[in-house]
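Asker: Structure provided below as structure tokens; questions to follow.
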Amino acid sequence: MIHSLFLINAAGDIFLEKHWKSVVSRSVCDYFFEAQERAAEAENVPPVIPTPHHCLLSVYRHRIFFVAVIQSEVPPLFVIEFLHRVVDTFQDYFGVCSEMIIKDNVVVVYEVLEEMLDNGFPLATESNILKELIKPPTILRTVVNTITGSTNVGDQLPTGQLSVVPWRRTGVKYTNNEAYFDVIEEIDAIIDKSGSTITAEIQGVIDACVKLTGMPDLTLSFMNPRLLDDVSFHPCVRFKRWESERILSFIPPDGNFRLLSYHVSAQNLVAIPVYVKHNISFRDSSSLGRFEITVGPKQTMGKTVEGVMVTSQMPKSVLNMTLTPSQGTHVFDPVTKLLSWDVGKINPQKLPSLKGSVSLQAGTSKPDENPTINLQFKIQQLAISGLKVNRLDMYGEKYKPFKGIKYMTKAGKFQVRT
């Protein structure tokens with residue numbers, strides 16, 4: 001399936017490569033570099049690039065391209081999902097996934113990749129199973145390995161590999177038994193000049209942190225499960241029970257894992273949590289323009305909108321901007337023509353605004369189109385789709401665990417056209 005994996009940084013340098021079946025020359029990445037040059041931004045590089053003898057599939061995360069080389073017919077989403085699992089595993093092992101961290105732990109990285117793929121096919125992709133096979137690096141373990149010449153590879157096969165529940169190890173014991181679930185929703189939207197929604201959709205995930213003794217059997221039910229569309233489950237979920245009762249029944253892995261991801265695309269179900277009032281104008285005869293935007297909450301169920309960041313790519317003819325924010329700080333880069341406004345929290349009683357004038361190059365005609373406004377924000381304790389967990393029950397064990405549910409909505413690609 002996967003012949004080789006190349007890790008490429010933002011500068012276009014291959015800083016790590018791993019081959020499983022046969023060694024594939026680095027020159028195959030030239031096709032990827034060509035596609036990278038054609039793309040205006042790193043996120044716009046095509047995830048699937050065909051070449052005469054191979055196919056390149058890639059994901060871009062943490063300013064690193066993870067490029068898999070395929071020689072035979074393979075479902076592309078299968079490979080892309082595996083690459084995301086590789087990134088998540090690195091993040092779980094090292095805390096952060098960056099070029100420097102990967103270089104510092106290159107031995108562990110190769111050992112983990114060797115276990116995750118067997119002859120190019122996925123083998124062990126569960127983080128807790130991998131941690132039994134390959135011990136996560138610590139300062140003490142690194143010093144001992146350097147002195148003794150030993151490795152992080154475990155002596156015994158993980159107990160979970162031999163059971164019918166391969167994602168959970170046996171004999172798990174905790175003093176404090178707890179199960180926490182995070183419902184995180186990301187809203188992608190395009191809003192037109194008049195404030196109408198052109199397109200809007202929600203990508204949601206439920207991440208879990210489960211630390212329970214023994215072999216617990218959990219059920220998670222929702223107040224409104226029909227909202228969930230295009231659902232993707234962790235292998236531990238019993239799919240037949242979900243199909244018949246719309247209840248999640250599962251024996252959880254030990255530790256952190258993603259229970260499910262879902263998609264809400266029906267426009268009438270997607271509430272837009274913020275609005276932007278804008279007045280951006282350029283005159284033909286003058287080298288000055290007007291810039292005025294106000295951000296406010298909308299359909300937030302009384303929750304606070306925080307972490308608000310407004311960015312706008314101004315036209316090339318803009319020389320400078322003289323702006324005054326009612327709150328927060330703003331920066332305009334005259335070279336890249338990028339305006340950034342760090343708003344912070346939105347106070348509904350006093351809406352944040354950014355007003356001022358725009359200086360244009362003398363003698364140039366006014367820009368053909370107004371700039372678009374991109375927003376970043378997050379809202380704690382709110383799932384914008386309206387999804388709510390009804391109850392969480394545990395069977396198979398006699399103790400009472402601590403349980404908690406947290407909700408969060410954040411902006412994905414949220415764009416307002418002016």
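Asker: List pairs: first residue in the range 131-142 and under 24 Å from T170 (Cα atoms) and assigned to a loop (DSSP other than H, G, I, E, B), second residue modelled with pLDDT of 85 or more and open to solvent by 50 Å² or more (accessible area, probe 1.4 Å) anywhere in the structure, Cβ distance under 8 angstrom, at least six positions apart or on different chains.
Answerer: No pair meets every condition.
Asker: If I ask for residues that are more than 26 Å from the chain's Cα centre (by Cα), in contact (Cβ under 8 Å) with a residue 24 or more places away in the chain and on the phi > 0 side of the Ramachandran plot, which ones from the range 299-337 would you list?
Answerer: Once the filter is applied, which keeps residues that are more than 26 Å from the chain's Cα centre (by Cα), in contact (Cβ under 8 Å) with a residue 24 or more places away in the chain and on the phi > 0 side of the Ramachandran plot, the range 299-337 yields G328, K337.
Asker: Could you check, for the range 314-333, whether at least one of its residues is within 12 Å of I346 (Cα to Cα) and assigned to a strand (DSSP E or B)? Steps first, please.
Answerer: Here is the first cut: in the range 314-333, the ones within 12 Å of I346 (Cα to Cα) are 326-328.
Retained after the next criterion (residues that are assigned to a strand (DSSP E or B)): none.
For the range 314-333, residues within 12 Å of I346 (Cα to Cα) and assigned to a strand (DSSP E or B): absent.
Asker: Look through the range 42-68, keep the residues that are within 18 Å of V109 (Cα to Cα) and either assigned to a helix (DSSP H, G or I) or of a type in the set (A, V, I, L, M, F, W, C) (or both), and return whichever of them is farthest from the chain's Cα centre (by Cα).
Answerer: Among those residues, the one meeting the criterion is A68.
Asker: Follow-up. Of the residues K366, K355, only one is touching a residue at least 60 places away in the same chain (Cβ under 8 Å), basic (K, R) and touching a Ser or Thr at 6+ places or on another chain (Cβ under 7 Å); which? Outline the logic, then answer.
Answerer: Working: K366 fails: touching a Ser or Thr at 6+ places or on another chain (Cβ under 7 Å).
That would be K355, the only listed residue that is touching a residue at least 60 places away in the same chain (Cβ under 8 Å), basic (K, R) and touching a Ser or Thr at 6+ places or on another chain (Cβ under 7 Å).
Asker: Would you call L7 surrounded by 13 or more Cβ atoms within 10 Å (Cβ to Cβ), of a type outside the set (V, I, T), touching a residue at least 60 places away in the same chain (Cβ under 8 Å) and at negative phi?
Answerer: Values: surrounded by 13 or more Cβ atoms within 10 Å (Cβ to Cβ): yes; of a type outside the set (V, I, T): yes; touching a residue at least 60 places away in the same chain (Cβ under 8 Å): yes; at negative phi: yes.
Yes, satisfied.
Asker: Do we have any residue at all in the range 312-330 that's open to solvent by less than 70 Å² (accessible area, probe 1.4 Å) and under 27 Å from V270 (Cα atoms)?
Answerer: First pass over the range 312-330, keeping only residues open to solvent by less than 70 Å² (accessible area, probe 1.4 Å): 312, 314-315, 317-318, 321, 323, 325-328, 330.
Now restrict to residues that are under 27 Å from V270 (Cα atoms): 312.
Scanning the range 312-330, I find at least one residue that is open to solvent by less than 70 Å² (accessible area, probe 1.4 Å) and under 27 Å from V270 (Cα atoms), so the answer is yes.
Asker: I would also like to ask the following. Considering only residues that are open to solvent by 60 Å² or more (accessible area, probe 1.4 Å) and outside any strand (DSSP E or B), look in the range 400-418 and name the one that is nearest to E369 (Cα to Cα).
Answerer: Selected residue: R417.
Asker: With the requirement that a residue be open to solvent by 40 Å² or more (accessible area, probe 1.4 Å) and either assigned to a loop (DSSP other than H, G, I, E, B) or under 19 Å from L218 (Cβ atoms) (or both), what does the range 380-393 give you?
Answerer: The initial filter retains those residues of the range 380-393 that are open to solvent by 40 Å² or more (accessible area, probe 1.4 Å), namely 380-381, 388, 390-391.
Selection gives Q381, K388, N390, R391.
Asker: I would also like to ask the following. Would you be able to say whether some residue in the range 67-74 is touching a Cys at 6+ places or on another chain (Cβ under 7 Å) and open to solvent by 30 Å² or more (accessible area, probe 1.4 Å)?
Answerer: no
Asker: Identify all residues within the range 115-130 that are open to solvent by less than 10 Å² (accessible area, probe 1.4 Å) and part of a loop (DSSP other than H, G, I, E, B); write none if there are none. It would help to see each step written out before you state the result.
Answerer: The first filter runs over the range 115-130 and keeps only residues open to solvent by less than 10 Å² (accessible area, probe 1.4 Å), leaving 116-117, 120, 124, 129-130.
Matches in the range 115-130: G120, A124.
Asker: Would you pick out the residues in the range 76-115 that are closer than 17 Å to H19 by Cβ and either touching a Ser or Thr at 6+ places or on another chain (Cβ under 8 Å) or charged (D, E, K, R) (or both)?
Answerer: Once the filter is applied, which keeps residues that are closer than 17 Å to H19 by Cβ and either touching a Ser or Thr at 6+ places or on another chain (Cβ under 8 Å) or charged (D, E, K, R) (or both), the range 76-115 yields F82, L83, V107, E111, V112, E114, E115.
Asker: Next question, about the same structure. Among the listed residues S232, S221, which satisfies the condition of being of a type in the set (G, A, S), touching a residue at least 12 places away in the same chain (Cβ under 8 Å), open to solvent by 50 Å² or more (accessible area, probe 1.4 Å) and within 26 Å of E201 (Cα to Cα)? So that I can check it myself, show each step before the final result.
Answerer: Details: S221 fails: open to solvent by 50 Å² or more (accessible area, probe 1.4 Å).
Going through S232, S221 in turn, just one is of a type in the set (G, A, S), touching a residue at least 12 places away in the same chain (Cβ under 8 Å), open to solvent by 50 Å² or more (accessible area, probe 1.4 Å) and within 26 Å of E201 (Cα to Cα): S232.
Asker: Please indicate, with yes or no, whether at least one residue in the range 342-358 is open to solvent by less than 80 Å² (accessible area, probe 1.4 Å), in a strand (DSSP E or B), small (G, A, S) and over 26 Å from T409 (Cβ atoms).
Answerer: yes
Asker: Then there's this: Let me confirm something: among I134, I147, I206, which residue is at pLDDT 95 or above and not charged (D, E, K, R)?
Answerer: Going through I134, I147, I206 in turn, just one is at pLDDT 95 or above and not charged (D, E, K, R): I206.
Asker: For the range 367-379, does any single residue satisfy the condition of being open to solvent by 40 Å² or more (accessible area, probe 1.4 Å), more than 30 Å from S261 (Cβ to Cβ) and polar (S, T, N, Q)?
Answerer: To start, the set of residues in the range 367-379 that are open to solvent by 40 Å² or more (accessible area, probe 1.4 Å) comprises 368-370, 372, 374, 376, 378.
Subsequent filtering for residues that are more than 30 Å from S261 (Cβ to Cβ) retains 368-370.
Now restrict to residues that are polar (S, T, N, Q): 370.
Yes - at least one qualifying residue is present in the range 367-379.
Asker: Hey, another quick one. Of all residues being under 29 Å from E111 (Cβ atoms) and open to solvent by less than 30 Å² (accessible area, probe 1.4 Å) in the range 15-41, which is farthest from the chain's Cα centre (by Cα)? Just the residue, please.
Answerer: Per the criteria, the residue is V24.
Asker: Given the criteria surrounded by fewer than 18 Cβ atoms within 10 Å (Cβ to Cβ) and on the phi > 0 side of the Ramachandran plot, does G296 qualify? Lay out the reasoning, then the answer.
Answerer: On the way: surrounded by fewer than 18 Cβ atoms within 10 Å (Cβ to Cβ): yes; on the phi > 0 side of the Ramachandran plot: no.
Taking the combined requirement at face value, the residue does not satisfy it.
The values are calculated or read from the model by the stated rules, or taken from the named source; none is laboratory data. Source: prediction; values computed, not measured. Note that we place each Cβ from the backbone using ideal geometry, even for glycine, and neighbour counts take in every protein chain shown. Note: areas computed on protein heavy atoms with side chains; ligands, DNA, RNA excluded. Shrake-Rupley method; radii C 1.70, N 1.55, O 1.52, S 1.80 Å.
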